[in-house]
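Reviewing the structure listed below.
Throughout, read-outs are computed from the coordinates displayed, never taken from laboratory work. What you see is a predicted model; the values in this text were computed from it and never measured. Cβ sites come from the backbone with ideal geometry, for glycine too, and all protein chains shown count toward neighbours.
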Amino acid sequence: MTEMMKAIRQHELGGPDVLVYEDAPRPEPKAGEVLVRVQAVGINPPDWYLREGYKSLPPEWQPPVRFPLILGTDISGTVAAVADDAERFSVGDEVYAMVRFPSGLAGDSRAYAQFVSVPVSELALKPAGIDHERAAAAPMSLLTAWQFLIALGHDEQNPLQPQQHEPVPLAGKTVLVNGAAGGVGHFAVQLAKWQGARVIAVASGRHEALLSELGVDQFIDYAKTAPEDVVRDVDLVVDAVGGEKTGRFLQTLKRGGALFPIYPLGFSDTDEAERLGVTVSATQVRSNGAQLAEAGRLLDDGTIRVVIDSSFPLAEARKAHERAAQGHIQGKIVLTVK
């Protein structure tokens with residue numbers, strides 16, 4: 001008889017109202033996997049992109065979706081069962097992970113649930129110095145910032161550009177982070193400071209106090225001042241917002257500088273970047289347990305903080321997605337699981 005669990009599932013594409021709290025079959029760990037009893041789930045933009053059917057992607061890139069669908073990638077919890085060949089972890093270990101991304105783009109990650117199976121290669125011990133909510137909030141956003149700024153960690157071809165993305169040295173450099181208070185942005189700020197950079201943060205005024213606490217050297221309220229009008233000669237721009245407007249930051253960079261749009265779709269100023277001598281580069285974040293273990297040491301000792309915008313019970317995932325749709329998120333939104 002199949003064991004059951006509670007999960008958030010959807011049976012059609014749509015808005016937050018398609019998310020239903022209901023019974024679902026509990027997964028069994030396959031070879032190379034462990035079963036995790038989930039304590040908290042982190043919410044990320046790909047969750048609502050998938051919920052809607054990845055409408056922003058070109059049709060040929062939209063993954064086929066199978067219903068019923070369970071969203072989510074980022075989890076923190078306790079190992080409940082271990083496959084015979086997954087000896088690195090034991091029942092009872094507290095762990096965290098970004099599960100099957102991007103391989104699970106069509107919903108094979110299945111994190112909005114009481115239990116999830118996780119490949120051992122994607123799993124790391126939870127930093128002891130933080131709780132499950134903060135651990136669950138970290139993986140995708142932290143790995144994105146890490147793979148853009150510190151180490152790529154893989155050699156998979158990026159379909160958006162011919163060359164491999166390469167992080168640039170940050171010590172002694174000036175880095176501008178746009179969308180600095182969001183999920184990826186607040187980690188990018190902290191990693192750049194950790195690496196010895198001078199950091200200019202761009203966000204709305206309500207985030208100034210937080211970003212000052214995170215150590216930024218200069219704050220720009222974009223509602224009052226367009227950063228491209230006042231900033232010049234920076235070494236790197238990390239545009240955590242990205243999209244078609246990211247080209248406006250080219251003029252803020254010195255020749256030989258770099259623009260890293262976290263969401264690169266829509267960038268069309270390739271010729272202008274070449275004329276200005278600016279490298280524009282992006283990458284697709286990928287699951288990586290070893291990098292989570294490395295970054296986890298910074299979470300454990302307080303070098304990097306995880307900022308929580310809001311928290312909702314798993315059963316109220318619909319409300320969490322409604323909060324995300326309101327925008328101006330400070331840090332991350334999480335779900336707690338019982």
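Short to long, the 10 Å bins of the Cα pair-distance histogram for the stretch 209-338 hold 10, 28, 36, 21, 4, 0 percent of all pairs.
Each peptide among 154-164, 124-134 gets the average number of other Cβ atoms lying within 10 Å of its residues, and from highest to lowest they stand as 124-134, 154-164. Of all DSSP beta bridges confined to the chain, the antiparallel ones make up roughly 55%.
If you wrap the chain in the convex hull of its Cα atoms and look at it from every side, the mean projected area works out to 16.5 nm². Loop-located chymotrypsin sites (Phe, Trp or Tyr not before Pro) across the stretch 9-99 with a Cβ neighbour count of 16 or fewer within 10 Å are lacking, with loop assigned by DSSP. Round to the nearest 10 and give me the degree value, 0 to 90, for the angle of helix 317-326's Cα axis relative to the longest principal axis of the chain. Helix 317-326 and the main axis of the chain meet at about 10 degrees. Counting every C-alpha pair in the stretch 157-280, the share spaced more than 18 angstrom apart comes to 48%.
When the Cα positions of Val99, Val234, Leu57 are compared along the charge dipole of the chain, Val234 comes out farthest toward the positive end, with charges on each C-beta of Lys, Arg, Asp and Glu.
For Thr73, Thr279, what's the fewest-to-most ordering of other Cβ within 10 Å of each Cβ? Kindly include the intermediate steps, with their values, before the conclusion.
Values: Thr73 30, Thr279 17.
Arranged by neighbour count, lowest to highest, Thr73, Thr279 become Thr279, Thr73.
Dividing the C-alpha radius of gyration of the stretch 200-249 by 2.2 N^0.38 Å, with N its residue count, gives 1.13.
What does the convex hull of the alpha-carbon atoms of the stretch 1-107 project to on average, in nm²?
Values: hull surface 30.1 nm².
Spelled out: convex hull of the Cα atoms, projected over all directions, averaged, 7.5 nm².
The Cα center of the stretch 40-112 and the Cα center of the stretch 139-167 differ in position by 19 Å.
Taking a straight Cα-Cα cut-off under 29 Å and skipping sequence neighbours fewer than 8 places away in the same chain, the lysines within cross-link reach of Lys338 are Lys6, Lys30, Lys126, Lys319.
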